Amino acid sequence: MTAGSSIAAFVVGAAVSLVTSWVLVSRLERVGERLGLSEALLGMVAALAADAPEITASVTALAHHQRAVGAGVTIGSNVFNLAALLGLGAVVAGRIGLHRRVVVLGGTIALVIAAVCLLAVAGIVAAGTGLALVLVVLVPYGVLLGARRSAIERVGLPRRWSAWLTQAVAEEEIELEEAIRPRRGRPIDAVVALGALAVVVVASVAMEQGASALGVRYGIAEVVVGGLVLAAVTSLPNAVAAVYLARRGRGAAALSTALNSNAINVTAGLLLPATIVGLSKPSASGLLVAGWYLGLTAVTLLLAYAFRGLHRSSGWTIIALYALFIAALLVTA
């Protein structure tokens with residue numbers, strides 16, 4: 001592949017993937033609305049659709065044994081999500097108010113998944129073991145988000161725990177309701193969503209192959225190609241959506257969107273394909289990306305809990321930490 005064709009594949013693939021992912025998100029949300037999904041589950045569906053470019057690029061890289069690129073796309077996208085969805089969102093909005101129960105519930109799941117990701121990248125646990133650990137917490141969380149209050153009460157938890165979970169889910173619904181409540185879908189929306197998914201997959205494969213070829217040609221480290229370039233480009237739809245919501249006073253939805261997106265990235269974009277093809281051997285740059293993802297997640301959640309949301313100063317702090325991440329990764333690579 002020549003330099004010109006690599007650049008064309010990357011630029012055209014990125015443009016088509018990002019534009020089509022918007023179609024995919026909107027149509028899947030309408031299908032979810034027709035099926036009667038809760039706001040929280042609609043948010044999970046939207047995050048899954050928006051993550052299609054990251055997941056496809058990561059799976060493509062792993063399938064071609066470009067394991068550092070694959071891991072970099074997934075984990076680097078998660079670091080970028082925190083900076084763009086929450087950091088930039090808070091700067092634009094001035095303040096994003098959040099319920100503490102939502103921070104604790106979603107944050108606990110997010111920290112567990114980030115910790116498992118780090119353990120897998122470090123080679124302490126196998127990818128398959130990591131996938132099982134993630135599913136153990138992620139599947140019940142998804143069921144909880146879609147459960148009715150009566151169903152939560154029938155689980156048999158202590159009354160105080162049941163009441164807390166019920167309230168946390170209700171508060172997350174409140175945060176998401178205005179942001180993602182779409183109109184009721186029609187059968188044609190499902191057809192369009194399938195077509196959009198196919199286009200996103202093909203375009204993302206071309207984008208990943210173009211970026212990887214350029215990286216090889218110009219001697220750019222794989223982790224930089226994946227963790228910075230592809231990670232940022234494939235996460236742009238989430239970033240644009242976060243700024244859009246923040247400017248309209250709906251930034252609270254960004255927390256659940258960011259955490260859900262990151263959880264799906266690790267599960268479907270890293271651990272699932274790595275269970276089949278394996279992960280690259282532990283490296284300083286790989287550990288840096290995974291460690292920064294865990295650390296920035298913890299800092300973001302701590303700020304959100306302490307101040308019942310994220311202020312503009314918190315947003316700048318998160319963005320500054322992402323800038324330090326870029327510098328550290330370039331030095332390490």
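Each value in this text was obtained by applying a stated rule to the coordinates, not by laboratory testing. Quantities reported herein were computed from a predicted structural model and do not represent experimental measurements. All Cβ positions, glycine included, derive from the backbone under ideal geometry; neighbour counts span all protein chains shown.
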Please arrange LEU111, LEU230 by how many other C-beta atoms lie within 10 Å of their C-beta, fewest to most.
LEU111, LEU230
Taking SER314, SER6 and counting other beta carbon atoms within 10 angstrom, the fewest-first order is SER6, SER314
Fewest to most neighbouring Cβ within 10 Å: what's the order for THR317, THR300, THR234, THR108?
THR108, THR317, THR300, THR234
Tell me whether the stretch 250-333 comes out rounded, prolate or oblate; compute the Cα gyration tensor, take square roots of the eigenvalues as a ≥ b ≥ c, and use a/c under 1.5 as the rounded threshold.
oblate
Full-stretch length increase - LEU287, ARG100 - with 0.36 nm per residue and alpha-carbon distance subtracted
64.3 nm
If each residue of separation counts as 0.36 nm, what is the full-extension length gain between TRP316 and LEU135 once their alpha-carbon separation is subtracted?
61.9 nm
For ALA3 paired with ALA163, estimate the spin-label separation in nm (one decimal), with each label point 7 Å from Cα along the Cα-to-Cβ line.
6.8 nm
If you take the beta carbon distance between ALA328 and VAL11 as r and set R0 to 25 Å, what does 1/(1 + (r/R0)^6) give as a FRET efficiency, to the nearest 0.05?
0.35
